[in-house]
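The values are calculated or read from the model by the stated rules, or taken from the named source; none is laboratory data. Small disclaimer: the values here were computed from a predicted structure and weren't measured. All Cβ positions, glycine included, derive from the backbone under ideal geometry; neighbour counts span all protein chains shown.
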Amino acid sequence: MQHPENNAEYKGLTVNSGVEQPSIVNPYLKRFRRRHRELSVGEMVEGILKGDVTVLSQAVTLVESVNPDHVGKAQEVIDKCLPYSGRSVRVGISGVPGAGKSTSIDQFGVHVLGEHGGKLAVLAIDPSSERSKGSILGDKTRMEKLAQHPDSFIRPSPTAGSLGGVARKTRETIILCEAAGFDKIFVETVGVGQSETACHSMVDFFLLIQLAGTGDELQGIKRGIMEISDGIVINKCDGENVDKCHLAARNFRNALHFFPKPESGWTPQVMCYSGFYGTGIKEIWDMVYRYVDFVKANGYFDHRRNEQSKYWMYETINEHLRSSFYNSRLIQQRLADAERMVLAGGKTSFAAAGELLDAYFAEMKK
Ligand code: GDP
């Protein structure tokens, strides 16, 4: 039966078809999209090997992504780039906030490119960057001269979660950069906590930036960072600070006598410089290159890289197992209860952990 409103007397109420609305989607966007469509693994690898920085940036973004689809693709890209990696000098640069890392890296980078040519990538490990939002190491704006240099590539720290995860992504980015022809890699890290150990595990030379007269000398000794440093450089050796810096350098040299000789056979050097005024920079980089020659000659360079590869294999396994365990639905359901039991004294930590692990492995077998 017809609805009464469809009668001719209600004609005025029928909705006439109006003027066709223009699309709210910008028709030009299609072209824009086509240009920026997602590259295939093959296209990405080809672009990287050609040294195309835009493609390299896209690949790094892929490596940093936590999307499961991206993780697999990123791994393929890395695997294909791996044979082209390794031919670079990797230098870790650490120092507490305010030590002058960005000012120095800007100077160091321009100096090294001027003196040795080639291409430089500046990467970073800063697990705090996600939380604090403030201190995103490797930020272009902090390294003005280098950011404009045609042979540099600056990338802020990955921001995904745990230190292990952040560091692994930086390490994978090194592989991509090397495949893209970057033969000098700086890895910047903030010298407060565990991140320098992670940084040390992916570089050939670890440079520690210190300041005079802040008590850092002693803190450094306590935290064992000096033990992993191949060079200690005291920044801000300018103006009225010069005497204090030389005194600090003497203290560092004395302190180094108390450490066992490093496995590399290299005696860590202590130097003063001014990142701001650009003095003492050449001496530092002559030292780094002397070190590289030294360890390449005695075999330690390759030995350290092999040890690092081994370390990252185990790190990746650990990281994977941990995330598989904690992301398992079964564990997520039981974890809070287990924690409550332990806190209430109803179960020992070991028993609770054992039960969770047993349950996890049983679930895995299904
Ligand atoms: P970062 O936090 O380690 O990256 O340190 P910055 O590079 O941002 O430097 C912190 C502050 O120290 C800035 O105000 C710089 O201008 C200053 N600074 C850096 N290098 C020198 C230097 O060689 N001499 C002096 N006097 N100041 C410096």
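Quick notes
- Just one of the listed residues (Gly98, Gly138, Gly92) is surrounded by fewer than 15 Cβ atoms within 10 Å (Cβ to Cβ), within 24 Å of Tyr273 (Cβ to Cβ) and either within 16 Å of the ligand (Cβ to nearest atom) or at pLDDT below 85 (or both), namely Gly98.
- For Arg223: the one exception among (1) of a type outside the set (Ser, Thr, Tyr); (2) at pLDDT below 95; (3) touching a His at 6+ places or on another chain (Cβ under 6 Å): (3)
- In this entry, Ile284 passes the filter for residues that are modelled with pLDDT of 95 or more and part of a helix (DSSP H, G or I).
- When the range 35-55 is filtered for residues that are assigned to a helix (DSSP H, G or I), within 27 Å of Gln148 (Cβ to Cβ) and more than 20 Å from the chain's Cα centre (by Cα), the ones remaining, listed by number, are Arg35, Met44, Gly47, Leu49.
- Residue, nearest to Glu38 (Cα to Cα), within the range 48-70, restricted to residues that are polar (S, T, N, Q) and crowded, with 16+ Cβ neighbours inside 10 Å: Gln58
- Residues that are touching a Gly at 6+ places or on another chain (Cβ under 7 Å) and within 16 Å of the ligand (Cβ to nearest atom) were ranked within the range 113-135; the one that is modelled with the lowest pLDDT is Ala124.
For every residue, the table says whether it meets (1) closer than 19 Å to Ile105 by Cβ; (2) within 16 Å of the ligand (Cβ to nearest atom); (3) buried (at least 18 other Cβ atoms within 10 Å of the Cβ).
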{"residue": "Gly231", "(1), (2), (3)": "yes, no, yes"}
{"residue": "Lys236", "(1), (2), (3)": "yes, yes, yes"}
{"residue": "Phe252", "(1), (2), (3)": "no, no, yes"}
{"residue": "Pro260", "(1), (2), (3)": "no, no, no"}
{"residue": "Glu263", "(1), (2), (3)": "no, no, no"}
{"residue": "Lys296", "(1), (2), (3)": "no, no, no"}
{"residue": "Tyr311", "(1), (2), (3)": "no, no, no"}
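Results for (1) of a type outside the set (Phe, Trp, Tyr); (2) under 21 Å from Val91 (Cα atoms); (3) exposed (fewer than 14 other Cβ atoms within 10 Å of the Cβ), shown as yes or no for each residue.
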residue: Phe276; (1), (2), (3): no, yes, no
residue: Ile281; (1), (2), (3): yes, yes, no
residue: Val288; (1), (2), (3): yes, yes, no
residue: Leu321; (1), (2), (3): yes, no, yes
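- Looking across the range 161-209, the residues that are modelled with pLDDT under 90 and within 16 Å of the ligand (Cβ to nearest atom) come down to Thr189, Val190, Gly191, Val192, Gly193, Ser195, Glu196, Cys199.
- The residues listed here are Asn318, Asn306; of these, the one that is among the polar types (S, T, N, Q) and under 30 Å from Pro268 (Cα atoms) is Asn306.
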